[in-house]
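The values are calculated or read from the model by the stated rules, or taken from the named source; none is laboratory data. Only a predicted model underlies this, so the values are computations on that prediction, with no experimental measurement involved. Here the Cβ is made from the backbone with ideal geometry for all residues, glycine too, and neighbour counts use every protein chain on show. Remember, those area values only see protein heavy atoms, side chains included, never the ligands or the DNA or RNA. Shrake-Rupley method; radii C 1.70, N 1.55, O 1.52, S 1.80 Å.
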Amino acid sequence: MSEEEKIFVALFSGINVGGNRIVKMAELRSLFEKLGFGDVATYVQSGNVVFRSATGDAATLTKQLEAAFEKKWGFHSRIMVRDLGWFERLVADNPYPEVAGEPTKLHVYALERAPTPEETARLSQKCTGPESFEIRDDVLYLHAPDGLGKSVFANLMPRTLKVPCTARNWRTVQALLELAGRDG
């Protein structure tokens, strides 16, 4: 096959949270390998998988992985698959470079799609605390100076925006980009 393999990252939602929907990362890596993906690596327990695929785009891979995951574990996990270029842009476009060294205060939400101006305006009305956010296409950057755990806005954000998403802190973003950029 002449098509070059591309690097992708799969971001899982709602697994291994509060002792529920337990998925061991070794079993998740094994599933990816059985599906024919190469160079599979996971990062932390929240469901971050870096892998190579010679076929498919992010949307096709998302559907394939969600179906295989649900079949194996018996419950649905929303998965956001993004390619390496998306992660590189995410880091390059960070509107809060001054807090990149404080990864517990900077979070990134991978959005299923770019929000409409009306959805963004509705969200802006709810951002009344110390937090600030920026949306760049299908990424929401959240600066939470007191940390995500103390952020009222962070809890309101997914319900207010109503665009399916999954969040990662800046440390995880950097680790995934490093894993994705590794050779072989």
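Below is a table of values for the structure above.
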quantity: Sequence of 42, 116, 104 when ordered by accessible area, the most exposed leading, probe 1.4 angstrom; calculated: 104, 116, 42
quantity: Selected from 52, 78, 113 as most flexible by GNM, with the chain as the system and alpha-carbon contacts under 10 Å; calculated: 113
quantity: Listed residue (14, 30, 125) projecting farthest to the positive dipole end of the chain, Cβ model; calculated: 14
quantity: Relative contact order (%) - the chain, alpha-carbon pairs under 8 angstrom, separation at least six; calculated: 24
quantity: From the coordinates shown, semi-axes √(5λ) of the Cα gyration tensor in Å corresponds to which of [x] 30, 19, 18; [y] 38, 23, 15; [z] 28, 18, 16; calculated: [z]
quantity: Accessible surface, the range 14-65, averaged per residue in Å² (probe 1.4 Å); calculated: 49
quantity: Student exercise, the chain dipole from Lys, Arg, Asp, Glu Cβ charges, in Debye to nearest 20; calculated: 760
quantity: Per residue, the convex hull volume that the Cα atoms of the range 95-139 enclose (Å³); calculated: 80
quantity: 43, 141, ranked by accessible area, largest first (probe 1.4 Å); calculated: 43, 141
quantity: In degrees, nearest ten, helix 117-126 long axis to first principal axis of the chain (Cα); calculated: 60
quantity: Spin-label pair residue 76/residue 88, simplified geometry with 7 Å Cα→Cβ offset, distance in nm; calculated: 3.4
quantity: Principal-axis tilt of helix 25-34 within the chain, Cα atoms, nearest 10 degrees; calculated: 50
quantity: Accessible carbon and sulfur surface of the chain relative to its total accessible area, %, 1.4 Å; calculated: 49
quantity: Residue of 130, 145, 115 that the Gaussian network model of the chain assigns the largest fluctuation, springs spanning Cα pairs under 10 Å; calculated: 130
quantity: Percentage relative contact order, the range 79-150, counting C-alpha pairs under 8 Å, at least six apart; calculated: 37
quantity: Using alpha-carbon coordinates, inclination of helix 152-161 to the longest axis of the chain, degrees; calculated: 70
quantity: Theoretical ellipticity at 222 nm over the chain - DSSP helices of four or more residues, -39500 (n - 2.57) apiece, nearest 500; calculated: -11000 deg cm²/dmol
quantity: Total lysine pairs whose alpha carbons fall under 27 Å of each other in the chain (8 or more apart, or interchain); calculated: 22
